[in-house]
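Structure, as structure tokens:
The values are calculated or read from the model by the stated rules, or taken from the named source; none is laboratory data. Being a predicted model, the structure only gives us computed values, none of them experimental. Glycine also receives a Cβ, built like all others from the backbone with ideal geometry; neighbour counts cover every protein chain displayed.
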Amino acid sequence: MKLSIGKLALAMSVGLVLSQSAVAKITIFAAASMTNALQQVAEEYKKEKPNEEIVFSFASSSVLAKQIEQGAPADMFVSADLKWLDYLIEKKAIAENSRRILVGNNLVMIAPKNSKITQLDLSNSQWQAHLQGSYLAVGDPDHVPAGLYAKAALTHLGQWKDVEPKLARANNVRAALALVEQSESPLGIVYGTDAAASKKVNVVATFPEEAYPPVEYPVAITKGNERPDTNDFLNYLTSGKAKKVFIQYGFVAK
């Protein structure tokens, strides 16, 4: 049977539409500290849903929240603290009843792998002598969750006022990690999972849990994107399979 040119063109256009619609794309804005774990979770998910494409944008939670507020095309938001998800809820940018707590984390002090610093007592301010002529790498305490936790912890220890002038303020926690990896800072404060993901740093101290608020990572679908595919991936993120991956990367299951 022969097709006219018009019918052939129509058949080709229909086929193109079907082929494009066969792949669902989910765009997720997520905290930088979740980079490695979420990428692996997405790889595992695609084994079950090969026709779904998961796209990530990783940065500081504050930066991502502001972008979503301004209309950035995010289907889902994973924050490193409750504050920035609550901010978007107040702005009515989050789908109702979609918020869930994914995992938890802890706060550690790190040094470059080749550093002579091997262990620090954070309860004693003498560790600050290692910052002489240099700076402590942290996420910017004015807006980056890891920096806010660091400020809370150092305040609890009665050391914030002394340390504040010696900060190298990074745009996100992975940027703070990089400063220590490259030996541009002798010490840095990051999440335990960031330290575990790097082969270029050592953990030299762990902050006491009572020194800062619990580190919790909430996730939610953005308003207007409550689709079957986004709901399915949200359910997967909170499933036992995904939690095994998060635990593998050092996160605390919730």
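Assorted remarks:
- Which listed residue, of Tyr149, Tyr135, is at pLDDT 95 or above, of a type in the set (Phe, Trp, Tyr), over 17 Å from Ala32 (Cβ atoms) and under 26 Å from the mean Cα position of the chain (by Cα): Tyr135
- Scanning region 237-254 for residues that are buried (at least 17 other Cβ atoms within 10 Å of the Cβ) and assigned to a helix (DSSP H, G or I) gives Leu237, Ala242, Lys243, Val245, Phe246.
- Taking (1) under 26 Å from Gln182 (Cα atoms); (2) touching a residue at least 60 places away in the same chain (Cβ under 8 Å); (3) hydroxyl-bearing (Ser, Thr, Tyr) in turn, Ser134 satisfies each apart from (2).
- Complete set of residues in region 197-244 that are within 27 Å of Ser185 (Cα to Cα), over 18 Å from the mean Cα position of the chain (by Cα) and hydroxyl-bearing (Ser, Thr, Tyr): Thr206, Tyr212
- Per-region count, region 67-111, residues closer than 30 Å to Leu131 by Cβ and not charged (D, E, K, R): 11
- Pairs, first touching a residue at least 60 places away in the same chain (Cβ under 8 Å) in region 149-174, second of a type in the set (Ser, Thr, Tyr), C-beta under 7 Å, six or more apart: Tyr149/Tyr212; Ala152/Tyr212; Asn171/Ser60; Asn172/Ser60; Val173/Ser33; Val173/Tyr191; Arg174/Ser33; Arg174/Thr35
- Flag for Asn114 being within 20 Å of Ala195 (Cβ to Cβ), surrounded by fewer than 19 Cβ atoms within 10 Å (Cβ to Cβ) and modelled with pLDDT of 95 or more: yes
- The residues in region 98-126 that are part of a loop (DSSP other than H, G, I, E, B) and under 30 Å from Tyr236 (Cα atoms) can be counted, and the count is 3.
- When Ile68, Ile89, Ile54 are screened for being under 14 Å from Asn225 (Cβ atoms) and in a helix (DSSP H, G or I), only Ile68 passes.
- Exclusive hit being hydroxyl-bearing (Ser, Thr, Tyr) and more than 13 Å from the chain's Cα centre (by Cα), set Ser98, Ser61: Ser98
- Within region 194-206, if we keep just the residues that are of a type in the set (D, E, K, R) and farther than 28 Å from Lys66 by Cβ, the residue that is surrounded by the most Cβ atoms within 10 Å (Cβ to Cβ) turns out to be Lys200.
- Selection count, region 143-193, where residues are in contact with a strand residue (DSSP E or B) (Cβ under 6 Å, 6 or more places away or on another chain), surrounded by fewer than 21 Cβ atoms within 10 Å (Cβ to Cβ) and not in a helix (DSSP H, G or I): 2
- The set of residues in region 77-108 being without any contact (Cβ under 8 Å) to a residue 12 or more places away in the chain and either small (Gly, Ala, Ser) or under 21 Å from Gln39 (Cβ atoms) (or both) is empty.
A quick yes/no check of all residues on (1) at pLDDT 95 or above; (2) surrounded by fewer than 22 Cβ atoms within 10 Å (Cβ to Cβ); (3) closer than 23 Å to Ala146 by Cβ:
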{"residue": "Leu8", "(1), (2), (3)": "no, yes, no"}
{"residue": "Ser21", "(1), (2), (3)": "no, yes, no"}
{"residue": "Ile26", "(1), (2), (3)": "yes, no, no"}
{"residue": "Glu52", "(1), (2), (3)": "no, yes, no"}
{"residue": "Ala65", "(1), (2), (3)": "yes, no, yes"}
{"residue": "Glu69", "(1), (2), (3)": "yes, yes, yes"}
{"residue": "Asp75", "(1), (2), (3)": "yes, no, no"}
{"residue": "Tyr87", "(1), (2), (3)": "yes, yes, yes"}
{"residue": "Asn106", "(1), (2), (3)": "yes, yes, yes"}
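- On inspection, Ala129 fails the criterion of being outside any loop (DSSP other than H, G, I, E, B) and surrounded by 17 or more Cβ atoms within 10 Å (Cβ to Cβ).
- Residue within region 182-193 that is touching an Asp or Glu at 6+ places or on another chain (Cβ under 6 Å), under 20 Å from Phe58 (Cβ atoms) and either in contact (Cβ under 8 Å) with a residue 12 or more places away in the chain or among the charged types (D, E, K, R) (or both) present: no
- Search result, residues across region 31-76 that are in contact with a strand residue (DSSP E or B) (Cβ under 6 Å, 6 or more places away or on another chain) and free of Cβ contacts under 8 Å to residues at least 40 places away in the same chain: Ala42, Glu53, Val55, Phe56, Ser57, Leu64
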